[in-house]
Structure formats: C-alpha cells, structure tokens
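Enquirer: The structure's right below; bear with me while I get my questions together.
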Amino acid sequence: MVFNMSLKEKVRKNIVQIGGILEEGPKHPQWDFGFKFKFPNKRGKTITIAKPKGKNFIEIANGTKLDDIHRKMFSNFNKDQKSNFIKKLHLIILNNNFESSINVNPERFVYVIIERLFIENEAIPVNDFYRSVKSVTFCSLKCNYFIQNQFNKDYDPTKDGFDANDFMPFT
C-alpha cells in the first residue's frame, strides 16, 4: 500500500526530521500552509515556513527585532549612523545570498531573512531543506554578532540558546 503524503505533511516531517521543535503554526489568507518552529533546539531561532498560494516554492524565514536597549541606542544615532548600520546589516544578509526585509520606525526595528526552496515532484528533499534552515539560522547569528558589536555589548551564544553540541552529529 502506497501512502501519499501532502506537501504540507512532507514539510512537517522535514521539520521534525532535522530536529525542529514545532510551535503553533501561523495562518495567513495568502498561504496554503505555514509552520513555525525553533531550530536547532527549544531555545533556538524561530523559523517560519510558508507556502504562498499559487506558487511552486516555500519560503523559509527568520524575523528578528532589535531588543529595547538596542532600539533605544539605534534611535540615538544620527541619520548617517542609522543609514550605515542598516546598510551593513543588509550587506551581511545579501552576502549570504538571502532576500531580506528591513522595517524601521520609531517603535520597532525588524529584519527578516528569507530563503526560497522550490518544490520538485511535490517534495522538498530533506538535505536541501536542512541546508536552507541551517543557513538562515547561521545568517541570523551573524547579524546578531554584528548588532552586538555595533552596540558594544558582549555576545554570549549560550545565552541565546546555542552551543557546540547543537550541531554535533546525532548519536
């Protein structure tokens, strides 16, 4: 007997297979489906997967906002410092071959790193899926290092939920 899983179930299976911790999925009227999960563990980065209606790809995204302390420090920058900060952040994302969206206003500063994976034969190979999720996560960490450096704050990766064992081979 052949069991034919839907694309949504295949993506859910990929998330679990790479060690993602599923959370309640986001819903949007322009999506066929969406998932939200932590990677590589329950203290990891929040990743969103969305399949836009009528498209033959999924989007893997990580959205991050500046915390209140950094946002206040950013608001004290002059116009040139703000522009330079945004350009450098955007360049980190572009140098890692990702699309991005940066939203800055007086109440918030949010950047989103976006990767698209195209669907082939109603599936997305788990290796490609894992590579993309890992790459988005690592790019997000590079952005965190940059932000910490810009605001002269020490970065403690264990505080943010990562340590060397998170990416060790499964035993």
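The values are calculated or read from the model by the stated rules, or taken from the named source; none is laboratory data. Just so we're clear, the structure is a prediction, and the values are computed from it rather than from any experiment. Because the Cβ atoms are built from the backbone with ideal geometry, glycine has one as well, and the counts that use them run over all protein chains shown.
Enquirer: Please work out which one of (1) more than 13 Å from F39 (Cβ to Cβ); (2) modelled with pLDDT of 90 or more; (3) not β-branched (V, I, T) is the condition S135 fails and give its number.
Expert: Single failed check for S135: (1).
Enquirer: Out of I15, I69, I58, I need the residue that is of a type in the set (A, V, I, L, M) and in contact with a helix residue (DSSP H, G or I) (Cβ under 7 Å, 6 or more places away or on another chain). Which one?
Expert: I58
Enquirer: Check whether at least one residue in segment 38-54 is of a type in the set (A, V, I, L, M) and in contact (Cβ under 8 Å) with a residue 60 or more places away in the chain, and report yes or no.
Expert: yes
Enquirer: Residue under question is I15, and the condition is that it be assigned to a helix (DSSP H, G or I) and either in contact with an Asp or Glu (Cβ under 9 Å, 6 or more places away or on another chain) or modelled with pLDDT of 95 or more (or both); does it hold?
Expert: Yes.
Enquirer: Report every pair of residues separated by at least 6 positions or lying on different chains whose Cβ atoms are under 6 Å apart, first residue within segment 13-26 and closer than 12 Å to T48 by Cβ, second charged (D, E, K, R) and at pLDDT 95 or above.
Expert: E23/K36; G25/K36; P26/K36
Enquirer: Quick test of your reading of the structure: I69 fulfils all but one of (1) in a strand (DSSP E or B); (2) at pLDDT below 95; (3) of a type outside the set (K, R). Name the failing condition by number.
Expert: Checking I69 against (1) in a strand (DSSP E or B); (2) at pLDDT below 95; (3) of a type outside the set (K, R), the one that fails is (1).
Enquirer: So, one more: Being out of contact with any strand residue (DSSP E or B) (no Cβ under 9 Å at 6 or more places or on another chain), surrounded by fewer than 19 Cβ atoms within 10 Å (Cβ to Cβ) and at negative phi narrows it down to one residue among D80, D32; which is it?
Expert: D80
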